[in-house]
Amino acid sequence: MDLKTTIYILNVVLALGTIYAWYQFAKVVMNKCDTCSVGLHQNPFKSKCFVGAVFFSLAFVFALYALIIL
């Protein structure tokens, strides 16, 4: 497997992970998430789902950049 194929696979995995992470954060905002540690009146932007969504988004952006410069 060459580098270009590996980066394509990386982008697909990170795209799916990013979509899932933002879906989980949307559940936190709608108060339907029972796995996060955010209470009813707490700020959802302090939840671990938001941190994960931002992390996945940044990783996906860097992977897209790697694909562009390849």
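Tabulated values for the structure
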quantity: Nearest-ten-degree value, helix 3-29 long axis tilted from longest Cα axis of the chain; calculated: 10 degrees
quantity: Proximal lysine pairs, segment 3-69, alpha carbons under 22 Å, eight or more residues apart or interchain; calculated: 4
quantity: Shape of the chain, Cα gyration tensor, a/c cut at 1.5; calculated: prolate
quantity: Helix 48-69 axis, angle to the chain major axis (alpha carbon atoms, nearest 10°); calculated: 20 degrees
quantity: Helix-only mean residue ellipticity at 222 nm for the chain, each DSSP H run of n ≥ 4 adding -39500 (n - 2.57), per residue, nearest 500; calculated: -24500 deg cm²/dmol
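A short reminder: the numbers here are calculations on the coordinates, not readings from a lab. None of the values given here were measured: they were computed from a predicted structure.
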